[in-house]
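A short worksheet on the structure shown next.
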Amino acid sequence: MKHSVLIVDDEPLARRGVTLRLQSNSDLEVVGECSNGRDAVQFITSNKPDLVFLDIQMPVMNGIEVMRALNPEVLPFVIFLTAFDQYVMRAFEVHAIDYLLKPVDDARFNASLNHARRILGAQQAAAYSRRLQAVLDRKPAPEPFRRIAVRVGKLVRFVSVDDIDWIEAQGDYAEIHVGTRSHLIREPLNTLTERLNPEDFLRIHRSAIVRLNRIAGVNSLPNRDCTVTLHNGTSLRVSRSYSDHLRKLLRNQL
């Protein structure tokens, strides 16, 4: 009996890599590929694949959100893909079978695949689905980020959130400003707003988040907007909807 497999990743080379590795497995059949979370939800709902290789970091709808958006009757077995190990715990929040760190190692891929085979079609499947749905229903609040993985050339390094001055939106990405350096990460500003400690960070505009202890001063503008000046001299505009909250937080810190 063949098991159907869906591959979901916004990077074509990543999808191709998984497809090539699966070609030598006669018991598994790749039935589709999706480049974003919305298409993945539609495909899974319509085609009900047995196993999904699902990238966690995708613009608009990430892998965790894909799982939460699915009807319980069509929940597949999932192996998550991620470039950064800071997302591993988020994968297990929804009881993934396994996870694979990019770039994917052949031995690790085969071990994950064998683990999936032991579960597919076994009596464990029903129990797995019940556990998965119970966790999805709970939707536990994730812990705030303490550090964020960034790519520096071919290397992956970690930036402590304590070192971040401010963050700005760059489309579906975000640019983290740390002193004189900046790093572009594949994470939308909405996700970062949810995962950064609200006692330390505040969104001041739809395109900017600032670390509160980096603010050196606040200047009011005639239209009830304001600007903040950071200790490094950076000036950022605060939109009206955030200005009152900002002033209240700063007063509480005095």
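Bear in mind these aren't lab numbers, they're just calculated from the coordinates by the rules spelled out. Since the model is a prediction, treat every value here as computed from it, not as a measurement. Ideal geometry is used to build each Cβ from the backbone, glycine not excepted, and the neighbour counts take in all protein chains shown.
List of remarks:
- Subtracting the Cα-Cα distance of Arg21 and Glu194 from 0.36 nm times their residue separation leaves 58.7 nm of extension gain.
- Applied to region 18-35, the Karplus parametrisation 6.51 cos²θ - 1.76 cosθ + 1.60 on θ = phi - 60° returns per-residue 3J(HN,Hα) values of 5, 4, 4, 5, 8, 4, 8, 10, 5, 8, 10, 10, 6, 9, x, 9, 10, 9 Hz, with x for Gly and Pro.
- The peptide list 13-26, 47-60, put in order of mean Cβ contacts within 10 Å with the highest first, becomes 47-60, 13-26.
- Ala83 long-range amide H proximity, modeled H, under 5 Å: Gln57, Lys102
- Region 1-87, relative contact order in percent, only Cα pairs under 8 angstrom and at least six apart counted: 31
- Within-13-Å neighbourhood charge of Asp50 [Cβ basis; K, R +1; D, E -1]: +1
- Where trypsin sites (Lys or Arg not before Pro) fall in DSSP loop in region 148-178, at most 11 other Cβ within 10 Å: Lys154
- Stretching Ser207 away from Glu143 to a fully extended chain increases their span by 20.7 nm, per 0.36 nm per residue minus the current alpha-carbon distance.
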